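Before any comments, here is the structure.
The values are calculated or read from the model by the stated rules, or taken from the named source; none is laboratory data. Values in this document were obtained by computation on a predicted structure and should not be read as measured data. All Cβ positions, glycine included, derive from the backbone under ideal geometry; neighbour counts span all protein chains shown. Accessible surface areas use protein heavy atoms only, side chains included; no ligands, DNA or RNA. Shrake-Rupley method; radii C 1.70, N 1.55, O 1.52, S 1.80 Å.
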Amino acid sequence: MIVIFLGAPGSGKGTQAEQLAKHLNVPFISTGNMLREQVSQSSVLGLKAKSFMEEGGLVPDRDVISMIKERVTQKDCIRGFVLDGFPRNSIQSKALDKAMIEINREVNKVVYLEVPKEVVIERISFRRVCRRCKANFHLKYAPPRLENKCDACGSELYQRTDDTTETITKRYAIYLEQTQSLKDYYQDRLIAIDGNRRKEEIGQSISEKLKVTAR
Ligand code: AMP
């Protein structure tokens, strides 16, 4: 199964997409994680992407599209994959369609997480991420057991450089301008989910709607 997650930054799509991918036993593909990895390796793409990311803008379509095409055509994607963070605009959604036609596949479902603006802003402002395993914490509602240490692997937690108040506002505006309308593009396979609940409840709803059993 090929599933895309759509939603504002901070809507919880990364967390839910990763859970679903684990459950379906298919790769979880996050363009944000892939780009952050490139930045940390100071690769050509990473050096180019860094400033766009820090400012809360989108990395140029051409670069992200070739990165994702390369990834989804790898062998481990043969049974499907779950995408988080791509597509982010209509150029990217059309490029994805084209790539799918080339490999004789199609996007089966698109999960859209609905979360009010105030909630996503609050979630992002208090978000901390594990440097190693990328687990997410919320300093108020889901704090780590030990200060600044990941519960899962014990590594250090950090605040993403694009999780500042100014950048969040910009990322949200870009989401409204360019990404939200993809709901209409995918309306024939869209599953809208109330994302303003506990993550377990959200996961349960996604499984039910996708008819995936025992998560
Ligand atoms: P995310 O982890 O999905 O919030 O992405 C973090 C940042 O990576 C975004 O603010 C963009 O700068 C960049 N990025 C991630 N996915 C894309 C994409 N599909 N197109 C362009 N830029 C992206």
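Side notes on the structure shown:
- Each part reduced to its alpha carbon centroid, segment 108-154 and segment 157-194 end up 15 Å apart.
- Dipole moment magnitude, nearest 20 debye, the chain about Cα centre, only Lys, Arg, Asp, Glu C-beta charged: 460 debye
- Residues in the chain average 54 Å² of solvent-accessible surface per residue, probe 1.4 Å, ligands and nucleic acids excluded.
- Mean projected area (nm²) of the alpha-carbon convex hull when segment 32-108 is viewed from all directions: 5.3 nm²
- For segment 1-85, the fraction of 1.4 Å probe accessible surface lying on carbon and sulfur atoms is 52 percent.
- Low-density loop positions, trypsin sites (Lys or Arg not before Pro), segment 174-203 - DSSP coil, at most 12 other Cβ in 10 Å: Arg198
- Computed from the Cβ-Cβ distance with R0 of 45 Å, the FRET efficiency linking Asp188 to Ser42 stands at 0.60.
- Accessible surface of segment 100-150, 1.4 Å probe: 51 percent of it comes from carbon and sulfur atoms.
- Cross-link check: pairs Lys134/Lys211; Lys50/Lys94; Lys22/Lys209 evaluated at a Cα-Cα cut-off of 19 Å; pairs beyond the cut-off: Lys134/Lys211; Lys50/Lys94.
- Cα-centre dipole for segment 11-87 with unit charges at Cβ (Lys and Arg positive, Asp and Glu negative), debye to 20: 220 debye
- Chymotrypsin sites (Phe, Trp or Tyr not before Pro) lying in DSSP loop within segment 113-215, provided at most 14 other Cβ fall within 10 Å: Tyr141
- FRET efficiency for Arg145 and Lys98, using Cβ-Cβ distance with R0 set to 41 Å, rounded to 0.05: 0.35
- For segment 154-200, the fraction of 1.4 Å probe accessible surface lying on carbon and sulfur atoms is 45 percent.
- Each eigenvalue of the Cα gyration tensor of the chain, multiplied by 5 and square-rooted, gives one semi-axis; in descending order these are 25, 21, 18 Å.
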